[in-house]
Amino acid sequence: MTISWIIKQKPRVNISHERSEIFVLTTLALPSFAQANSYEFVDVSRYVAVKVDRHQQQSEPLKTVVSMTIPNQIKTVGQALNYILSDTGYSLSDPINLSKNVRILLTRKLPNIHRNFEYQTITSILKMLSGEPYQLMIDPIKREVNFLTVIK
C-alpha cells in the first residue's frame, strides 16, 4: 500500500528518478529492519536491563530468561528438573535412556541453594542443578533433555 502511494505521488512531486527509487527502497527496507530488532529491554534493577528477544525465546524455549522459586513440596533434583521443564515443551528423557549415574542424581535431595533463581536461562538452571560432573544434552527433535556423565 505504501509503495502504490509513493508511485502515485511521483508525477506530482518533482523528484528525480534516482531519488524516488532510493526512497522506495528505503521504505521497503524499514519494515524488515523493524522485524530484525524485535527485542526489548526489561529493567532488572535501577542500573541493569536485560535484552529480551521474543523470537529467540519462541524458537528456543530453553534459552528463555526466567526468575523462579521451586516450591517446598519438591524434594528431589528429578522433581525440580521436571518442574522447571514443565512449561517449556521439553521433558526429561525416558528413565530407560538415563545412565545409572543420572538416575542416582535425580533421586538426590534438592539443596536449598537451588530453590531460587533470578534472571537466568532455563539451560543454565538445568546445568546448575546437575552440577559439573554432568553435561546437558538436548534433543530438539524429541524435545527431551538428558545428561551425560563427564566425570566418573
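Multiply the residue gap between S67 and N82 by 0.36 nm, knock off their C-alpha separation, and tell me the result in nm, one decimal place.
On the way: separation 15, 0.36 × 15 = 5.40 nm, distance 1.61 nm.
Value of the extension gain: 3.8 nm.
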- Message: Take E60 and V44, extend 7 Å from each Cα along the Cα→Cβ direction, and tell me the distance between the two endpoints in nm.
- Response: 1.7
- Length gained, I113-D139, 0.36 nm per residue minus C-alpha separation, equals 6.6 nm
- Which whole-Hz ³J(HN,Hα) couplings does the range 91-104 yield from phi under the Karplus relation 6.51 cos²θ - 1.76 cosθ + 1.60, θ = phi - 60°, glycine and proline marked x? 9, 5, 4, 4, x, 5, 7, 8, 6, 4, 5, 5, 4, 5
- Query: With θ set to phi - 60° and the Karplus curve 6.51 cos²θ - 1.76 cosθ + 1.60, what are the ³J(HN,Hα) couplings of the range 106-113 in order, to the nearest whole Hz, using x for Gly and Pro?
  - Reply: 5, 8, 5, 5, 6, x, 4, 5
- Once amide H atoms are built 1.01 Å from N in the peptide plane, which residues 5 or more positions from S91, or in another chain, come under 5 Å H to H? E144, V145
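None of the figures in this text is laboratory data; all of them are computed from the coordinates on show. This one's a predicted model, so the numbers in the text were calculated from it and none came from an experiment. For neighbour counting, all protein chains shown are included, and Cβ atoms are generated from backbone atoms with ideal geometry for every residue, glycine included.
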